[in-house]
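Just below is one structure, and these are the notes that go with it.
The values are calculated or read from the model by the stated rules, or taken from the named source; none is laboratory data. Everything numeric in this text was worked out from a predicted model, so none of it was measured. Cβ sites come from the backbone with ideal geometry, for glycine too, and all protein chains shown count toward neighbours. We work out accessible area using only protein heavy atoms, side chains counted, and drop any ligands, DNA or RNA first. Shrake-Rupley method; radii C 1.70, N 1.55, O 1.52, S 1.80 Å.
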Amino acid sequence: MSESHEANRWADEGTSLAGYTLKKEEEEDFTFDEPCLKKQKTSSACLGHPTSLPSSESQVLRNELNMTWDMMELLSTLTCVERWVCVNIITLLREENTVPFIVRYRKEMINHMDADAIRDVQLVFEDSLAKKTQSVIQTLKKDGVLTAELEQNLRSCRSADELDHVYSPYKKGSKLTKARRAKALGLEVAASAVLNTPHTLDLRTWVKPGTEGLSSVEEVATGVEHILADMIAKDPETLTHVKTLCENSFVSIQSSVSKSALKEREQKSVQDIDKFHLYFDFTCNIQRIQPHQTLAINRGESLKILTVKVNIPDRVKSDFTRWCINNRWRLKTNAREDVHAIIRKAVEDSYKRLVLPFLTRSYRTKLTSAAEKESIAMFVRNLRQRLLVCPVRGCVIMGVDPGFRHGCKLAILSPTSQVLHTDVVYLHNSGQQKEADKLRHLMIKYSCTRIVIGNGTACRETESFFADLISRRCFHPLDVSYCITNEAGASIYSVSPEAVKEMPDLDPNLRSAVSIGRRVQDPLAELVKIDPKHIGIGTYQHDVSGGALKAALDSVVQECVSFVGVDINICSETLMRLVAGLNAGRARHIVEWREQNGLFINREQLKLVKGMGPKTYQQCAGFIRINPQTLHRLICTVPDKSAPKKGKGKTCVNVPASFNPLDQTCIHPESYHVAQRFLSLVGGSADHIGSLVLRQCVESKVSTSSVEELARTVDTTPETLKLIIDGLTQPPGFDIRQNFGQADFKQGIVSMNDLRVGAVLTGRVDNTTLFGAFVDIGVGRAGLIHKSNITLDKLPVSQRRRSLALGPGERVEVRVLNVDTQRGRIGLDLIRVLQ
């Protein structure tokens, strides 16, 4: 998908303005017709060469963050993205540019990164340590405990763990630490003397009989040790050294069944406990533990079924103690043995009481963060591939929501997803022949050749019923076939306000059947109506950050809708609100304008819509299509409303009233003048977009001159020209989803009992998890390809860099490894991915 959406740069609009007028929004500081400096600077960018924003932008960010280190440098390190790219991404996002717009039209500024990589940078920045530090500093200042030294320590922290380590003693409600109690007694001077002038230190001078903490030399020495231990534990160099020691050692995470869980299991059988039997005696190297194992352990711990600890070798403690005493915290002058004992005890106390818990928290946090990130990435990839399944167009479809007692709900849909008929049939009771006759009548009456069955209750029995009818040629002369589709979320959608508004006269059960059928006709348009977390993708949904998961899934929905594009004259309000730059209010205003003024003739008319300012128009225009076939089909059936009603819309600036052929392409209006120059260069016309003649003209020109050379000729960048070439040569109605797999229709049924070990089958990936991929092989139960069987040599080159490499919808050839009919489990081995 990313290959077909090359970048574009900012440029003046090339279209002439005449006809309608538009009121300019005064509150916008963005001027559409006058590109700002950063856009002009990027126009001369070459592929892979830094194209940074003005250095002032980076300086503004640095001043705002006000840390002792460069946030952009740290962001670059954390995300493995070049610093200039990080600066560009953050600035573009701060200017309210959407991810789809940046990925498609600002490619040269982001070094050709894809949407997932942009979101990674965005997530790391939004979870910025600098922002957390500022918040902590403000809180401590308000509480009156902030000192210059403490602020410096906070601003020097380079991780959330370090920040929490420094801040935790000062949190409201936390007990006064031993070090702060000792400092309150005035022992900080004595602690400083231990390090700098130990030969002059006499602890007897600090003794104050009757004062708790100072009543004896031993109490004074203990107080000094506590202050030194705190200093050691918060020293950046010391923490860096102990982390290095751990990296070179075998650090493991261990889980075991908790005593409370064992007690419960003795009293009664608890099913939840047995789910975690793999982790009752589990130990794994911290660097080798898998993300799904981390999430499972975390869940078991939260349910009080497991106890978890991080094991750090004793050698780390001995090496750390030796390094502290002989190097970092070495006494500067000769001292008595009792002073040496103080520093030795302080180091040991610091490690046991402060450093070790810090390391444990740090490891657990990092493991959880990495596991959540991997799990969310899995959700994102699964959702993207589910949304981009190729639509099944041009045929009448029967959607079936299977059921036993309450019958199977049917919905017959036209090729344009209009509801033609709904009904309920009882296929699993007596009188099956009568129901079969009704089905035959409906199928022939509406010329329906495709049946879509939901995979819920009674799916297998319903599939068997239809397969039997097909085998007996009950639907002759129609050539009927069926498929099984995932119905997750259909029941939730059927009772939603949106479904009620869309199908007010239908029973909720019948709405489910409509949704099931439409999921195959146009998966994207139907699935965006459902909350992504209800679509049935990924695993450990409740073990990751709800906010991060929702943000990632919402973002990928917007990305898919935008990259596919929407035909503004037939697009639903639900789908339109998901286009980059739009929201529920703006989508509603577009629909209202369409109802009041008739069809949109060109993209420029979007400027007449209420709430459509220059920035919004810039973000959404490239993803909105004006399809000439739709205009031709509807122009005769829709009343002429070309003249806007008085008092509606905006006034002042002219917009054209004629169709622009470029409006049906992915080319952004900002580059129309470049497209026109290129058309003149190749001797083509915009009226021939997508035709064989124009494609031959473009290919001939590109074959004699390189894209880079042609880009210089028309005064643009190679990225812009590639996008323009795509837009001009793609056939009318081009859909990026045609490169993705369709639903698999079949006419017969195979059961799990028919499987034999060693049998080679083809199937389609139904879902992927952190431990493997589930494949539908047509036997009513998905088989599992464990991740250990998904090896590089079995994958196409293009998929070898992806996590786990497989995603929903991909067709694969597999070999049956084992069949457990009692537990309903099938083990598979991946042979190859089918192209």
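Were the residues from T457 through S216 laid out at 0.36 nm apart, the gain over their Cα-Cα distance would be 79.1 nm.
Ranked by the mean number of other Cβ atoms within 10 Å per residue, highest first, peptides 138-146, 388-396, 550-558 order as 550-558, 388-396, 138-146. Note on K275: aspartates and glutamates with a C-alpha under 18 Å away, same-chain residues under 8 apart excluded, are E264, E266, E301, D543.
Taking 0.36 nm per residue of separation and subtracting the Cα-Cα distance, full extension of the segment from K263 to T244 would add 2.8 nm. Seen from R811, the other residues with C-beta closer than 14 Å to its C-beta sum to a net charge of -1, counting Lys and Arg as +1 and Asp and Glu as -1. Extending 7 Å from the Cα toward the beta-carbon at both L634 and V145 defines two label points whose distance is 6.2 nm.
On the beta carbon distance between E96 and K501, with R0 = 25 Å, the FRET formula returns roughly 0.25.
All other residues whose Cβ lies under 15 angstrom from that of D468 are scored, Lys and Arg at +1 and Asp and Glu at -1, for a net of +1.
Simple rule: put +1 on each Lys or Arg Cβ and -1 on each Asp or Glu Cβ in the chain, find the dipole, and look at I537, G300, L140; the Cα lying farthest toward the positive end is G300.
Classified by the C-alpha gyration tensor, region 428-475 has an oblate form. Its axis ratio a/c, with a ≥ b ≥ c, is 1.5 or above, and a/b does not exceed b/c.
Shape call for region 397-521 from the C-alpha gyration tensor, a ≥ b ≥ c root eigenvalues: rounded (a/c under 1.5), prolate (a/b greater than b/c) or oblate? In terms of gyration-tensor shape, prolate. The charge dipole of the chain, taken about its Cα centre with unit charges on the Cβ atoms of Lys, Arg (+1), Asp and Glu (-1) only, comes to about 1280 debye. In straight-distance terms, cross-link reach from K438 covers every one of the aspartates and glutamates whose alpha-carbon lies under 12 Å from its own, apart from those fewer than eight places away in the same chain; here that gives D423. Accessible surface for the chain, divided over its residues, is 47 Å² per residue with a 1.4 Å probe.
Surface composition of region 667-751: carbon plus sulfur atoms contribute 49% of the solvent-accessible area (1.4 Å probe, protein chains only, all chains present). Against the chain, whose longest principal axis comes from its Cα atoms, helix 217-233 is set at around 30 degrees. The portion of the accessible surface of region 579-631 made up by carbon and sulfur, rounded to a whole percent, is 50 (1.4 Å probe; DNA, RNA and ligands excluded). Once all protein chains are placed together, I137 keeps about 0 Å² accessible to a 1.4 angstrom probe.
Among the lysines of region 108-195, pairs at least eight places apart or on separate chains and with Cα atoms under 20 Å apart come to 18. Assign one of three labels to the chain, namely rounded, prolate or oblate, based on the Cα gyration tensor with a ≥ b ≥ c the square roots of its eigenvalues; rounded applies when a/c is under 1.5, prolate when it is not and a/b is larger than b/c, and oblate otherwise. Because a/c hits 1.5 or more and a/b fails to exceed b/c, the chain counts as oblate. In the complete set of protein chains, residue-level accessible area for W593 is approximately 20 Å², probe 1.4 angstrom. If the segment from D437 to D754 were pulled out straight at 0.36 nm per residue, it would be longer than the present Cα-Cα gap by 111.1 nm. Of all DSSP beta bridges confined to the chain, the antiparallel ones make up roughly 80%. Counting only DSSP beta bridges whose two residues both lie in region 397-521, roughly 55 percent are antiparallel. Report the one residue of T791, Y482, I325 whose Cα lies farthest in the direction of the positive end of the charge dipole of the chain (charges on C-beta: Lys and Arg +1, Asp and Glu -1; origin at the Cα centre). Towards the positive end, the residue furthest out is I325.
Cross-link pairs exceeding 18 Å between alpha carbons, from the set K533/K787; K107/K722; K304/K533: K533/K787; K304/K533. So if we plug the beta-carbon distance of Q541 and E126 into 1/(1 + (r/R0)^6) with R0 = 22 Å, what FRET efficiency do we get, rounded to 0.05? Approximately 0.55, to the nearest 0.05.
Under 15 Å of direct C-alpha separation, and excluding same-chain neighbours fewer than eight residues apart, K317 reaches these aspartates and glutamates: E247, E348, D349.
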